[in-house]
Amino acid sequence: MTMACSRRLRRLRPGLTLLAALTVAATFALRGTLLATPPSPAGCHAASPLLAGPRPARPPPSPPTLAEIEMRNGALWSGGFYSPPGCQARHRTAIVIPYRSRLAHLRYLLDHLHPFLQRQRIHYGIYVVEQWGQGTFNKGILLNAGIVEVLRDADWSCVILHDVDLLAEDDRNTYTCDNYNPTHLSVAIDKFDYRLLYREYFGGVVALTPEQLRKMNGFSNQYWGWGREDDDLWKRVGLSGMKVVRPSVKVARYKMIKHERDPGNEENPHNFDVLKRTELDWRSDGLNSLSYKFLSKERKALFTHITIDVGEKQT
Ligand code: UDP
Ligand code: MN
């Protein structure tokens with residue numbers, strides 16, 4: 001019985017018979033049920049009936065071609081967008097993949113991710129943000145640029161930053177955002193024995209709302225080459241008054257496709273020094289100081305392909 005209903009009953013005149021009171025109660029209860037029925041088209045409920053649960057990722061020896069993946073994903077709109085049929089999606093999620101020269105991994109991921117997200121009945125779009133040229137990789141600038149470009153592209157309520165080589169192994173790990181805190185989705189990775197690498201680990205796959213990203217000023221732009229930009233991101237979450245939340249280790253499981261360190265992304269020992277300065281720099285180094293050159297945006301069948309120039313290595 002609703003609060004309003006019990007308040008009404010308390011105000012009933014004493015002369016009313018018990019039968020009449022019960023009739024009134026039944027009427028209000030029925031009206032409550034009717035009001036709780038979602039309007040048409042029905043909203044997609046939190047738990048999708050299409051979920052398959054735990055499913056170890058077993059990528060085939062060679063990845064399918066983009067044309068083969070396209071054939072299996074007929075319901076996509078150009079640009080790699082999807083909206084669940086028959087119900088109103090509760091979330092609008094942009095997946096942003098930082099990328100350069102990892103085509104085999106991208107093909108594995110797209111083949112895996114499209115059906116995975118469709119089982120979750122989420123309204124989503126996949127963006128591949130590519131760093132142009134052979135210069136030193138800068139994942140922070142690439143992701144900051146990706147965030148700016150996708151939020152310019154459409155009205156997303158959640159942005160998921162997703163390494164190209166991680167395949168989720170349980171579709172109950174929902175690709176949506178928490179309203180208040182940034183979410184770390186890749187908690188348990190096979191490469192690390194399905195255990196959290198360390199408490200402050202905030203890399204791999206993370207989900208943030210546009211508001212959370214603005215609050216923490218996105219990523220630092222100062223990490224050239226491999227290492228520590230994800231530890232910097234962890235610190236920014238705390239410094240801006242938020243905390244990282246995580247789904248259960250039982251559900252947030254991933255397979256990482258094996259790979260060597262990429263050319264142009266060698267470990268940079270200087271990144272440890274940059275990390276010592278997060279507390280001093282985070283307010284002025286990030287989305288609000290971002291500089292990059294936009295080169296192109298192309299709507300492909302399975303994703304929207306954005307290419308940017310991050311500029312020359314600074315440190
Ligand atoms: N990445 C890429 N090309 C590169 C370097 C990095 O596409 O040359 C992207 C890719 O999405 C990758 C992520 O950056 O998953 C993180 O790099 P890496 O996998 O080397 O880091 P790890 O977390 O495995 O140490
Ligand atoms: Mn990797």
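Couple of notes before you dig in:
- Considering Gly264, Gly227, Gly203, the condition of being touching a helix residue (DSSP H, G or I) at 6+ places or on another chain (Cβ under 6 Å), within 30 Å of Pro61 (Cβ to Cβ) and within 16 Å of ligand 2 (Cβ to nearest atom) is satisfied by Gly203 alone.
- Residue match in the stretch 123-130 (condition: open to solvent by less than 10 Å² (accessible area, probe 1.4 Å) and within 11 Å of ligand 1 (Cβ to nearest atom)): yes
- Taking first residues from the stretch 241-268 that are near ligand 1 (Cβ under 10 Å from one of its atoms) and partners that are of a type in the set (Gly, Ala, Ser) and outside any loop (DSSP other than H, G, I, E, B), the Cβ contacts under 9 Å between residues at least 6 apart in sequence or on separate chains come to Ile257/Ala104.
- Restricting Val274, Val237, Val187 to residues that are open to solvent by less than 20 Å² (accessible area, probe 1.4 Å), within 16 Å of ligand 2 (Cβ to nearest atom) and either in contact with a Phe, Trp or Tyr (Cβ under 8 Å, 6 or more places away or on another chain) or closer than 21 Å to Ala94 by Cα (or both) narrows the list to Val187.
- Hey, Trp132 free of Cβ contacts under 8 Å to residues at least 40 places away in the same chain and more than 19 Å from His45 (Cβ to Cβ) or not: no
- Test: Tyr124 is touching a helix residue (DSSP H, G or I) at 6+ places or on another chain (Cβ under 6 Å) and either farther than 25 Å from Asp281 by Cβ or modelled with pLDDT of 95 or more (or both): yes
- Residue within the stretch 139-153 that is part of a loop (DSSP other than H, G, I, E, B), at pLDDT 95 or above and more than 15 Å from ligand 2 (Cβ to nearest atom) present: no
- In this structure, Thr93 does not qualify as more than 16 Å from ligand 1 (Cβ to nearest atom), open to solvent by 40 Å² or more (accessible area, probe 1.4 Å) and either basic (Lys, Arg) or within 15 Å of the chain's Cα centre (by Cα) (or both).
The values are calculated or read from the model by the stated rules, or taken from the named source; none is laboratory data. Remember, predicted model here, so these are calculated numbers, not experimental data. Every residue, glycine as well, gets a Cβ built from its backbone with ideal geometry; the counts of neighbours run over all protein chains shown. Surface accessibility is based on the protein's heavy atoms, side chains included, excluding ligands, DNA and RNA. Shrake-Rupley method; radii C 1.70, N 1.55, O 1.52, S 1.80 Å.
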